[in-house]
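So the structure is just underneath, and the comments pick up after that.
Every read-out reported here was derived from the displayed coordinates using simple, explicitly stated rules and does not represent laboratory data. Computed from a prediction, not measured in an experiment: that's the story for all the values here. As a convention, Cβ positions derive from the backbone with ideal geometry for all residues, glycine included, and neighbour counts pool all protein chains shown.
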Amino acid sequence: MTISNTVRNVLLGALLALPAAQAFGADQWHFVVKNKTDSNIVKLEVSIDKKSWGNFDIGSGIGPGATETLVWDASTNDEPCEQWIRAKFKDGSTSEPSKQDFCQDLDDPIEFSE
């Protein structure tokens, strides 16, 4: 039995899309960040108490005008929902920390603006 190129490509596409679809599974928490500034966000920091800050992996950064969906690492599952978040920018500035409930409104972007 032979499979046509079209069918093979559809099956391959479905298999490649499967990990992306699972990226936001029930056991993974995500949130959305929108950069409304003219500078790249080079670092996101989160804190439970605004005293000790941890880095959130954002890869090469979030460009001006860009919106990114970020996934929490499973190691944070036992942390409280309400945490502080701030952005550090390529121009050296830092946003004011804002308190967010990361268990609610996961698709409403956290906006960083000037």
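Points worth noting:
- Here's how it looks for residue 110: its modeled amide H is under 5 Å from those of 32, 33, 34, which are all 5 or more places away or on a different chain.
- Loop trypsin sites (Lys or Arg not before Pro), segment 39-114 (other Cβ atoms within 10 Å of the site Cβ: 12 or fewer; DSSP): 50, 51
- For segment 109-114, putting each phi into the Karplus relation 6.51 cos²θ - 1.76 cosθ + 1.60 with θ = phi - 60° gives couplings of x, 7, 9, 10, 9, 6 Hz, in residue order, rounded to whole numbers and with x for Gly and Pro.
- Partner aspartates and glutamates for residue 43 [C-alpha distance under 19 Å; skip if fewer than 8 residues away on the same chain]: 57, 68, 73, 91, 96, 111, 114
- All Cα pairs of segment 27-112, percent lying beyond 23 Å: 14 percent
- Relative contact order (%) - segment 27-112, alpha-carbon pairs under 8 angstrom, separation at least six: 41 percent
- Rounded to the nearest 20 debye, the dipole magnitude of segment 27-112 is 480 debye, with +1 charges on Lys and Arg beta carbons, -1 on Asp and Glu beta carbons, and the Cα centre as origin.
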